[in-house]
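Colleague: What follows is a single structure, and I will ask about it in a moment.
Nothing in this text is a laboratory measurement; each read-out follows from the coordinates by a stated rule. Quantities reported herein were computed from a predicted structural model and do not represent experimental measurements. A quick note on method: Cβ atoms are made from the backbone with ideal geometry, for glycine too, and the neighbour counts reach across all protein chains shown.
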Amino acid sequence: MKKRLCILFAFVLLFQSNIFSQANTTNKIIVITTDGFRWQEVFNGLDAAILKNKFYQNGDSLNTVKNFGGATAEESRKKLLPFFWSTIAVKGQIHGNRNKGSLVDNANPYWFSYPGYSEILTGQVDTAINSNDYKPNPNTNFFEYLNTLPFYKNKVIAFGAWDAFKRILNEKRAGFPVINGNHVDSFLLRDPQFKFIADLMKDSYQPFGEESLDGYIKYMSLTYLKKYKPNAMYLSYGDTDELAHAGNYPEYLKAAHRFDDFIKSIYDFVNTDPDYKGKTTILITTDHGRGDIIKTQWTSHGQKIYDSHQIWYAMIGKGVEPLGEVKSKEQVYQKELIHKLSKISNLNFIAKK
Ligand SMILES: [Zn+2]
């Protein structure tokens, strides 16, 4: 009997400490992804072996070398991703440089978008998710969990260039808005700033069909952040993947360069605004890699493309140790990333269906 009481008491303590730590968590959380951006460019900058192939030059190879080339990998990557290599490399962490032994990989066996985003956002692999057309995600995502906690309740939002995020995050069940670039929800259109961005997009060229261009997502998310002050936000960009599939290496690099600048605009705001300064943790990653060994395969990814399970991730902000570029041996899987963020933020997310 005594033993049972002890166990019960321990359970009560454990339960209370969980509630206590969650109730006291006031960490703001931002997750940012860009689709199919390779670790090779993150760490080595411009890949001359790809650019020398005239099929991938888009008639712009001289400018591309001028803008993003360098005598060393370090010089080139700094020109391509100045925020990564001047700020995150000093104040945060960048993982995935396989040449230094830091391995980051998809745990899912598919190496394309829906399975990758699901792995990131639900913190687990569900092998049933084997198509980009898969139904609304049966697994609970991290932002859905946050939306059940008092501090985050109704202060969670996602902006995705790709319309599939309404399914990937299961918007209907999850209970927070998932804004798709091309179909801005009516509650946002009542705000003249959002109406302006949506009108501009409607009247502009939309080369990727149901996927909006990244610039619109940048302005929507920044506007929302400044005006409505969410406590948790997910942002997903897509230009890098689309331009790589198109075989356009100069534009793929420019998209990555813009992505770096989008992160900088978010960081600059949260690092100066009193509601966010010193209280915000940012996770940055990608859904899958792309080909590399066979140079013509850089445009593609998926099970048949060797190397395309290889990814990277970065973190910066509250609670993130300033490790810089990780140069020691490690093996990290994509499904672990959201749990790392949860732990750093003093939260207790458990992956579940
Ligand atoms: Zn793709």
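Colleague: Report the residue, chosen from GLN40, GLN303, GLN334, that carries the largest GNM mean-square fluctuation when the chain is represented by alpha-carbon nodes joined by springs under 10 Å.
Modeller: Comparing GLN40, GLN303, GLN334 in the GNM, the peak value goes to GLN303.
Colleague: Using a cut-off of 17 Å between alpha-carbon atoms, which lysines can reach LYS166, once sequence neighbours fewer than 8 places away in the same chain are excluded?
Modeller: LYS135
Colleague: Compute the convex hull volume of the Cα atoms of the stretch 200-311, divide it by the residue count, and report the result per residue in Å³ as a whole number.
Modeller: Values: hull volume 14.0 nm³, N = 112.
Value for the stretch 200-311: 125 Å³ per residue.
Colleague: Calculate for the chain the 222 nm mean residue ellipticity that helices alone would give, adding -39,500 (n - 2.57) per DSSP H run of length 4 or more and normalising by residue count, nearest 500 deg cm²/dmol. Please report the intermediate quantities before stating the final value.
Modeller: On the way: 15 runs with 138 residues, N = 353.
Rounded to the nearest 500, it is -11000 deg cm²/dmol.
Colleague: Another one. So how much slack lies between ALA107 and LEU200, counting 0.36 nm per residue of separation and subtracting their Cα-Cα distance, in nm?
Modeller: Working: separation 93, 0.36 × 93 = 33.48 nm, distance 3.92 nm.
Full extension of this stretch gives 29.6 nm more.
Colleague: Please go through the stretch 181-245 and write out the chymotrypsin sites (Phe, Trp or Tyr not before Pro) that DSSP classes as loop and that have at most 16 other C-beta atoms within 10 Å.
Modeller: On the way: sites: PHE187, PHE194, PHE196, TYR205, PHE208, TYR216, TYR219, TYR224, TYR228, TYR234, TYR237; in loops: TYR205, PHE208.
Within the stretch 181-245, the qualifying chymotrypsin sites (Phe, Trp or Tyr not before Pro) (loop, at most 16 other Cβ atoms within 10 Å) are TYR205.
Colleague: Which residues' amide hydrogens lie under 5 Å from the amide hydrogen of ASP185, considering only partners 5 or more residues apart or on another chain, with H built in the peptide plane?
Modeller: For ASP185, whose amide H was placed from the backbone, the distant partners under 5 Å are ASN180.
Colleague: Tell me, what is a quarter of the convex hull surface for the C-alpha atoms of the stretch 71-120, in nm² with one decimal? All intermediate terms of the calculation are to be shown ahead of the outcome.
Modeller: Numbers: hull surface 19.2 nm².
Mean projected area for the stretch 71-120: 4.8 nm², to one decimal.
Colleague: Which of ASP214, ASP273 has the fewest other C-beta atoms within 10 Å, and how do the rest follow up to the most?
Modeller: Values: ASP214 23, ASP273 15.
Going from sparsest to densest Cβ surroundings: ASP273, ASP214.
Colleague: Quick check on the stretch 95-238: what does the Kirkwood estimate of hydrodynamic radius come out to from the alpha carbon pairs, in Å? Intermediate results must be reported in sequence, preceding the final value.
Modeller: Values: mean 1/r = 0.0616 Å⁻¹.
After inverting the pairwise mean of 1/r, the radius is 16.2 Å.
Colleague: Hey, what D do you get for the stretch 193-233 in µm²/s if you plug the Kirkwood alpha-carbon radius into Stokes-Einstein at 10 °C and 1.306 mPa s? Could the numbers behind the result be given before it?
Modeller: On the way: Rh = 11.1 Å.
Translational diffusion coefficient: 143 µm²/s.
Colleague: Assuming 0.36 nm per residue, please report the length gained on full extension of the stretch THR296 to GLU321 beyond their Cα-Cα distance. All intermediate terms of the calculation are to be shown ahead of the outcome.
Modeller: Details: separation 25, 0.36 × 25 = 9.00 nm, distance 3.76 nm.
Gain on stretching THR296 to GLU321: 5.2 nm.
Colleague: If you don't mind, another one. Given C-alpha coordinates of the stretch 264-353, what is the ratio Rg to Rh with the Kirkwood estimate of Rh?
Modeller: Working: Rg = 16.4 Å, Rh = 15.6 Å.
Reported Rg/Rh (Cα atoms, Kirkwood Rh): 1.06.
Colleague: Right, something else. In the P(r) worked out for the chain, what percent of Cα pairs fall beyond 29 Å?
Modeller: Values: 24130 of 62128 pairs.
When all Cα pairs of the chain are counted, 39 percent exceed 29 Å.
Colleague: Continuing with this model, one more query. Of LYS295/LYS352; LYS91/LYS195; LYS279/LYS335, which sit over 31 Å apart, Cα to Cα? Display every interim value, and only then the final one.
Modeller: On the way: LYS295/LYS352 39 Å; LYS91/LYS195 36 Å; LYS279/LYS335 24 Å.
Beyond 31 Å: LYS295/LYS352; LYS91/LYS195.
Colleague: For a quick check: sort ARG190, ARG290 by the number of other beta carbons within 10 angstrom, fewest at the front. Show your work: numbers first, answer last.
Modeller: Values: ARG190 9, ARG290 28.
Ordered from fewest to most neighbouring Cβ atoms within 10 Å, ARG190, ARG290 come out as ARG190, ARG290.
Colleague: Rg to Rh ratio, the stretch 13-146, alpha-carbon atoms and Kirkwood radius?
Modeller: Details: Rg = 19.8 Å, Rh = 18.4 Å.
Looking at the stretch 13-146, the ratio lands at 1.08.
Colleague: Same structure, new question: Please provide three numbers in whole Å: the alpha-carbon extents of the stretch 117-189 along the principal axes, with the largest listed first.
Modeller: Principal extents (Cα only, largest first): 35, 30, 16 Å.
Colleague: Residue by residue through the stretch 32-44, what is 3J(HN,Hα) from phi via Karplus (6.51 cos²θ - 1.76 cosθ + 1.60, θ = phi - 60°)? Round to whole Hz and write x for glycine and proline.
Modeller: Rounded to whole hertz, the list is 10, 10, 10, 6, x, 9, 6, 5, 4, 6, 4, 9, 10.
Colleague: How would the stretch 180-266 be classified by its alpha-carbon gyration tensor: rounded, prolate or oblate, with rounded meaning a/c under 1.5 and the a/b versus b/c comparison settling the rest?
Modeller: On the way: a/c = 2.43, a/b = 1.44, b/c = 1.69.
The shape class here is oblate.
Colleague: Something else now. In whole Hz, with x marking every Gly and Pro, tabulate ³J(HN,Hα) for the stretch 138-147 from phi via Karplus 6.51 cos²θ - 1.76 cosθ + 1.60, θ = phi - 60°.
Modeller: Once rounded to whole Hz, the list reads x, 8, 6, 9, 4, 6, 5, 4, 4, 5.
Colleague: Also, quick follow-up: Determine, for GLU325, GLU336, GLU119, GLU75, the number of other Cβ atoms within 10 Å of each Cβ, and report the residues in order from fewest to most. Mind dumping the intermediate values first?
Modeller: Details: GLU325 20, GLU336 17, GLU119 27, GLU75 14.
Listing GLU325, GLU336, GLU119, GLU75 from fewest to most nearby Cβ atoms yields GLU75, GLU336, GLU325, GLU119.
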